[in-house]
Each structure stands twice: as C-alpha cells, then as structure tokens.
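K.L.:
I'd like to ask you about the structure that follows.
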Amino acid sequence: MAEHNDFFQSQTVKDFNREIAKYNLGPLWDAIPLLMHKQPTPQAEAYLWKWEAVAAKLMEAREIFTPERGGERRAIYFQNPGLAHRQPSGWASTTQTLYAAVQLLLPGETAPSHRHTQSALRFIMQGEGAYSIVQGERHFMEEGDFLTTPKGLWHGHAHPGDRPMIWLDCLDIPTIYAIGGTFFEGHPDRIEQPEIPDLYSPSRYEGGMVRPIGDREPKIAPVGSYKWKQTLAALQGMSRFEPDAFDGYAVEFINPSTGKTANPNIAAWMHMLPAGFRSKAHRHTSSTIYQVFKGSGYSVVNGIRFDWSQGDVFVVPNWAWHEHAASEDAYLFSASDLPIMEKFELERREAYETDQGHQRVTGEFIPVLP
C-alpha cells in the first residue's frame with residue numbers, strides 16, 4: 001500500500017488536486033492509500049440485535065403496515081451502524097454485501113408474488129400454517145425450515161393458518177445494488193397460483209443423499225425447502241464424532257443437482273454447539289449473519305464479547321477474529337457471502353495461533369433494548 005508523506009500536504013499538490021477536480025478527474029496518489037489496504041478493513045461493524053427489541057418493534061409494525069397497504073412485505077431489516085451512511089437507505093446493509101430482515105405474516109394475509117435479480121433465502125423462526133409459493137410450488141413452513149429462492153424466480157407468501165409466522169430473510173441486495181444489476185417485477189395475478197403438488201421438491205428428496213435421475217442435469221432450485229427434522233437428524237449423526245474446531249457441528253444447505261450452495265450467492269449453514277463447547281478463533285474474508293434458533297451462549301469478535309440467546313441476530317464482519325461458546329445446547333443458523341468471495345477468488349482463512357486459539361476479552365457489547 002502506498003503511503004502519504006509530507007509532500008502530499010504541500011500547497012502545490014493541493015492546488016493541483018483541486019484543479020483536476022474541475023474536470024471530474026481524481027489523483028491516484030491521494031486515493032490509493034485509502035482504497036488499497038494491506039488487508040480487508042470493512043466498514044461493517046460487529047453488532048447484535050436482541051430479540052426482545054426486534055420482536056417489540058415487529059409487533060408495533062403489525063398495527064401500522066399490512067401487505068394490502070403496499071410495501072410488498074412487513075419486514076424490518078437489520079441496518080449495520082457502520083454502513084448507515086450509504087445512500088439510499090443504508091443500502092439495507094447488514095454486512096458489506098448482504099441484507100437480513102425479520103418478516104411477519106399474520107393469519108389471512110397475502111404478501112404478493114414478485115421476482116427480482118436479488119437472490120433470497122428464508123429461515124423459519126416462529127409459527128406455522130403459512131406457505132411460500134415459488135415457481136408454482138407451495139412450501140408450508142415450519143419452525144427450523146430453510147427455504148431458498150434464487151434470483152429470477154416468482155415467489156410470494158400467504159397465510160391460511162391461525163398463528164403468526166416470523167422468519168429471517170437474507171438477500172444479496174447490497175451486492176446487486178452496488179454493481180447496478182437490479183430488476184424487479186410484480187406478478188400479474190398478485191399471488192401466484194399452484195401448478196404442482198405442495199412440497200413437491202422436498203418430497204422428491206426424502207431419501208437424503210440420493211438424487212432423482214431427472215435431476216442429473218443442474219437445476220437452479222431442485223429443492224425449494226429443507227425441513228428441520230432432516231437438518232436435525234444430520235447434525236445428530238455428526239455429533240457422534242468430534243466437532244469442527246471453529247464451527248462446531250455444522251451442515252451446509254446445498255443444491256443436490258450441482259453439489260454447490262443452495263443459493264448461488266449466499267451460503268446457508270446450521271450449527272449445533274453442545275453445552276460447554278468453545279470454539280477456537282479464526283477469521284475469513286467472508287462475512288456472516290447469525291440467527292440464534294435455540295439456546296444461549298456468547299461470541300467474541302475482535303476481543304469484544306457478545307452474549308446471545310434465542311431469537312437474537314448478530315453479525316461477524318469479514319476479516320474479524322471470532323469464536324463461539326455455548327452455555328447450553330445451541331443451534332445457530334448462519335448466512336454468509338462465501339459464494340461471492342469464492343467467485344472472485346478472494347476467500348482466505350486464518351486461524352488464531354496465540355493463547356491456545358482464544359482471544360483475550362477486552363470489552364463487552366451492550367445491546368440497545370426497548
């Protein structure tokens with residue numbers, strides 16, 4: 001990385017910089033130290049949103065906003081304070097590259113079908129009875145289910161049940177906005193109508209690690225929803241062996257016709273951390289959003305302790321040292337921009353080598369509560 005010296009502060013340089021700015025030109029000698037760092041220096045901050053605060057505001061929102069009044073979805077997104085300066089709307093950035101939100105759908109409501117160039121995924125936090133319809137297939141949602149909606153697919157939600165449904169959305173909105181690739185289209189029928197049997201795709205894959213012969217050729221989303229009972233069974237099977245030193249017992253949701261991530265731009269994992277487990281610290285170029293599905297514990301991110309419990313959402317920025325510890329059996333859903341970093345061949349990982357792989361805690365995060 002180039003560095004400034006006293007000459008860059010001379011009046012001659014300042015005058016010349018101002019002069020070329022009149023022609024919409026810029027001085028690389030000034031810019032390069034700011035733009036080309038020796039290692040990643042993300043503007044995104046490590047942050048945690050407590051569920052009691054999020055839930056309180058979501059319940060207030062249900063009295064004000066409905067899908068019928070416009071706005072497409074009753075969703076509240078997690079705005080990273082380090083990225084709030086982005087205009088417009090902080091780019092709805094939870095990390096440098098990803099958006100995350102909680103969405104509430106009440107019995108009797110319909111969230112209209114649409115499609116866009118952003119890829120989306122959902123993790124079901126609470127409730128039952130609602131469905132997401134994707135490309136003519138209805139997926140009735142249950143707690144712990146994972147749903148994927150890659151870019152360009154029609155998708156909407158409706159709720160014929162009797163309990164409120166809350167889920168976590170994650171999309172690559174900041175990435176697509178930054179590169180200027182946004183397209184959006186509403187469905188002409190408001191809500192798409194079923195064209196194939198309900199839960200068709202997960203039923204075809206009930207056998208687990210076997211693939212229908214019709215899917216030997218790659219498909220964009222051969223499985224639209226991944227049921228919690230299958231995910232849990234996979235984690236319990238892994239628990240007979242030693243956990244990963246950094247991520248505990250963890251599985252990745254994949255597209256079985258390609259072997260790659262279920263969503264092309266967003267990796268989705270489910271972690272199981274047994275009571276008393278403490279991971280070693282590491283860092284990587286990809287950033288991660290965690291949702292605490294069950295249990296409690298804490299994470300240490302760049303020396304700061306973040307205590308978490310069921311329902312909380314927290315962010316680990318890219319290239320930030322982090323480790324996790326479980327006070328009781330805990331299940332963490334995570335979404336990351338790992339596929340984006342891999343596409344650009346930028347993913348790097350580094351283990352924390354001192355103090356037996358554990359950071360020294362230098363502070364504690366204080367969450368904002370109602």
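The values are calculated or read from the model by the stated rules, or taken from the named source; none is laboratory data. In this text the structure is predicted, and so the values were computed from the model without any measurement. Note: ideal-geometry Cβ built from the backbone for every residue, glycine included; neighbour counts use all protein chains shown. Ligands, DNA and RNA are stripped out before the accessible areas are found, and what is left, the full protein with its side chains, is counted by its heavy atoms. Shrake-Rupley method; radii C 1.70, N 1.55, O 1.52, S 1.80 Å.
K.L.:
Scan the stretch 229-248 and give yes if some residue there is in contact with a Pro (Cβ under 8 Å, 6 or more places away or on another chain), assigned to a strand (DSSP E or B), at negative phi and without any contact (Cβ under 8 Å) to a residue 60 or more places away in the chain, otherwise no.
P.N.:
Checking the stretch 229-248: not a single residue is in contact with a Pro (Cβ under 8 Å, 6 or more places away or on another chain), assigned to a strand (DSSP E or B), at negative phi and without any contact (Cβ under 8 Å) to a residue 60 or more places away in the chain.
K.L.:
Moving on to the next point. Condition (residue is open to solvent by less than 30 Å² (accessible area, probe 1.4 Å), aromatic (Phe, Trp, Tyr), outside any loop (DSSP other than H, G, I, E, B) and in contact with a Phe, Trp or Tyr (Cβ under 9 Å, 6 or more places away or on another chain)) applied to the stretch 277-292: is it met by at least one residue?
P.N.:
yes
K.L.:
I've got another one for you. Six or more apart or on different chains, Cβ under 8 Å: which pairs go from a residue in the stretch 54-71 that's on the phi > 0 side of the Ramachandran plot to one that's of a type in the set (A, V, I, L, M, F, W, C)? Could you list them?
P.N.:
Gly71/Phe65
K.L.:
Over 25 Å from Thr41 (Cβ atoms) and either touching a residue at least 40 places away in the same chain (Cβ under 8 Å) or not in a helix (DSSP H, G or I) (or both): does that describe Pro370?
P.N.:
So Pro370 passes the test.
K.L.:
Something else about it: Among Gln96, Gln87, which is polar (S, T, N, Q), closer than 22 Å to Ser334 by Cα and either in a loop (DSSP other than H, G, I, E, B) or under 16 Å from the mean Cα position of the chain (by Cα) (or both)? Outline the logic, then answer.
P.N.:
On the way: Gln87 fails: closer than 22 Å to Ser334 by Cα.
Among Gln96, Gln87, only Gln96 is polar (S, T, N, Q), closer than 22 Å to Ser334 by Cα and either in a loop (DSSP other than H, G, I, E, B) or under 16 Å from the mean Cα position of the chain (by Cα) (or both).
K.L.:
Right, another one. Being touching a residue at least 60 places away in the same chain (Cβ under 8 Å), open to solvent by less than 10 Å² (accessible area, probe 1.4 Å), in a loop (DSSP other than H, G, I, E, B) and closer than 29 Å to Ile340 by Cα, is that true of even one residue in the stretch 152-164?
P.N.:
Within the stretch 152-164 (the criterion being touching a residue at least 60 places away in the same chain (Cβ under 8 Å), open to solvent by less than 10 Å² (accessible area, probe 1.4 Å), in a loop (DSSP other than H, G, I, E, B) and closer than 29 Å to Ile340 by Cα), the answer is no, since none of the residues qualifies.
K.L.:
Would it be correct to say that Asn318 is under 25 Å from Val251 (Cβ atoms), at pLDDT 95 or above and among the polar types (S, T, N, Q)?
P.N.:
yes
K.L.:
Might you check whether a residue that is assigned to a strand (DSSP E or B), β-branched (Val, Ile, Thr) and more than 13 Å from Leu171 (Cα to Cα) occurs anywhere in the stretch 100-107?
P.N.:
no
Residue-wise test of (1) over 30 Å from Lys50 (Cα atoms); (2) in contact with a strand residue (DSSP E or B) (Cβ under 6 Å, 6 or more places away or on another chain).
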| residue | (1), (2) |
| --- | --- |
| Asp162 | no, no |
| Cys170 | no, yes |
| Ser203 | yes, no |
| Val210 | yes, no |
| Gly214 | yes, no |
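K.L.:
Checking Ile32 against (1) open to solvent by 80 Å² or more (accessible area, probe 1.4 Å); (2) assigned to a helix (DSSP H, G or I); (3) in contact (Cβ under 8 Å) with a residue 24 or more places away in the chain, only one condition comes out false. Which one?
P.N.:
If we test Ile32 against (1) open to solvent by 80 Å² or more (accessible area, probe 1.4 Å); (2) assigned to a helix (DSSP H, G or I); (3) in contact (Cβ under 8 Å) with a residue 24 or more places away in the chain, just (1) comes out false.
K.L.:
Within the stretch 324-370, work out how many residues are touching a helix residue (DSSP H, G or I) at 6+ places or on another chain (Cβ under 9 Å), open to solvent by less than 80 Å² (accessible area, probe 1.4 Å) and either farther than 20 Å from Val300 by Cα or among the charged types (D, E, K, R) (or both).
P.N.:
So the answer is 3.
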